[in-house]
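The block underneath contains the structure these notes are about, expressed in structure tokens.
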Amino acid sequence: MMKRVPKDWPNSAYSQEVQVGDLFWHVQIVGNSPSHLLLLHGTGSSTHTWGQIFTELSMHYTVIAVDLPGHGFTKNLGNKTLSLDQLADRLTDLRKALKIDYFDSIVGHSAGATLALSYALKNKQPKTIIGLNPSLISLPNFYNKFIAPFLNPIVTSSFFTAVLSDFLPKTKMIDSLLDSTKSVLPPEKRERYKTLFKSADHLNGSMSFMAGADIPSLLNQCKKINSRLTFIVTEDDGWIPMKQLCEVIRKDFINPHILEKKGGHLFHEESEKQALELIMGALTEEEVKDVHAD
């Protein structure tokens, strides 16, 4: 177990640190299947977002969940402002360090889904990519309200983020941010976000993750992706408007499967059981097709 991960952190028994260059990754791995499944959280989140989904999936796959650079308990001692492309390269380096040849499947939430697509364009493509409320619309409306004011050189200075991370958990801002997702989270799940945002690095990592995503450039290449694509989108997402998102998915991807559900941006944390069923359904449909192909 990693020392800097709290003992009561979800799935902390599976936490390990993997150093690759100037990144000290927080990685959680469980399972002994030859089929590898990568879980990628969204902006401002961490491995905790997967909760029981992580352990349930490990009954069928070897599951790898990571805290992305600057997020959670991953320490980044190098370049703090990584583009989506650079993050995809760092993910490739991590996969090699873990001695994993191939991610058979990737499940990504929000900006994690965007990163999954970027990774697929630079590596052997996964059989399956599942995007939960993928952030494929540039600068959603919450961005201007909460994040954009922080993305200037003064605010992203280490002094300011240190002050801000000390101040934020004492205000209602994190609660407001969570409320804006239109997901109803119990107090213990809210507390985890408050714990994360006490870290200046996490705050900085969250802001640069959003700033580094060139969505139009990514979408221009997405017709090259031949993985089986399932996008699970929710009607009440306060961050990414579903109608607009579905239009983008239909326009920029070949044969995507879109599942529309009730719920907010963090629906997989609100309804773990339902999210798990949807993820397993999308993964096993691919396996059934493989059997028929043989």
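The values are calculated or read from the model by the stated rules, or taken from the named source; none is laboratory data. Predicted model only: the values in this text are computed from it and were never measured. Using ideal geometry, Cβ is built from the backbone for each residue, glycine included, and neighbour counts are taken over all protein chains shown. Calculation scope for accessible area: heavy atoms of the full protein, side chains included, ligands and nucleic acids excluded. Shrake-Rupley method; radii C 1.70, N 1.55, O 1.52, S 1.80 Å.
The shape of the range 186-226 can be summarised by an equivalent ellipsoid whose semi-axes, obtained from the alpha carbon gyration tensor, come to 32, 15, 6 Å from longest to shortest.
Per residue, the chain reaches -11500 deg cm²/dmol at 222 nm when only DSSP H runs of four or more residues are counted, each adding -39500 (n - 2.57). At an R0 of 30 angstrom, the distance between the Cβ atoms of Leu77 and Arg190 translates into a FRET efficiency of 0.50. Under the criterion of Cα pairs below 8 Å and six or more residues apart, the relative contact order for the chain equals 19 percent.
Each 5 Å bin from zero holds the following percent of Cα-Cα pairs in the range 176-294: 2, 9, 14, 17, 20, 18, 12, 6, 2, 1, 0.
Computed from the alpha carbon atoms alone, the convex hull of the range 78-122 holds 78 Å³ per residue. Accessible area per residue for the chain is 44 Å², calculated with a 1.4 Å probe on protein heavy atoms, without ligands, DNA or RNA. The slack in the chain from Ser35 to Glu260, taken as 0.36 nm per residue of separation less the alpha-carbon distance, amounts to 78.3 nm. Each peptide in 62-72, 24-34 gets a packing score, the mean of other Cβ atoms within 10 Å over its residues, and the list from highest to lowest is 62-72, 24-34. Other residues whose C-beta falls under 13 angstrom from the C-beta of Thr234 contribute a net charge of -2, scoring Lys and Arg +1 and Asp and Glu -1. Counting protein heavy atoms only, the chain has 54 percent of its accessible area on carbon and sulfur, 1.4 angstrom probe. The aspartates and glutamates within cross-link reach of Lys75, meaning a Cα-to-Cα straight distance under 16 Å and a gap of 8 or more places when in the same chain, are Glu17, Asp22, Asp67, Asp93, Asp201. Diffusion coefficient (Stokes-Einstein, Kirkwood radius over C-alpha pairs, 37 °C, 0.692 mPa s) for the range 1-100: 240 µm²/s, rounded to a whole number.
Here's the list of lysines a cross-link from Lys262 could span, going by alpha-carbon distance under 30 Å and ignoring same-chain residues fewer than 8 apart: Lys127, Lys145, Lys172, Lys182, Lys189, Lys194, Lys223, Lys243, Lys251, Lys273, Lys289. State whether the range 15-56 is rounded, prolate or oblate according to the following rule on the C-alpha gyration tensor (a ≥ b ≥ c being the square roots of its eigenvalues): a/c under 1.5 gives rounded; otherwise a/b larger than b/c gives prolate, and the remaining case gives oblate. It is oblate, given that a/c is not under 1.5 and a/b is not larger than b/c. Rg of the Cα atoms in the chain, relative to 2.2 N^0.38 Å, amounts to 0.93. Loop-resident trypsin sites (Lys or Arg not before Pro) (DSSP state other than H, G, I, E or B) in the range 63-103 with no more than 14 further Cβ atoms inside 10 Å of their Cβ: Lys99.
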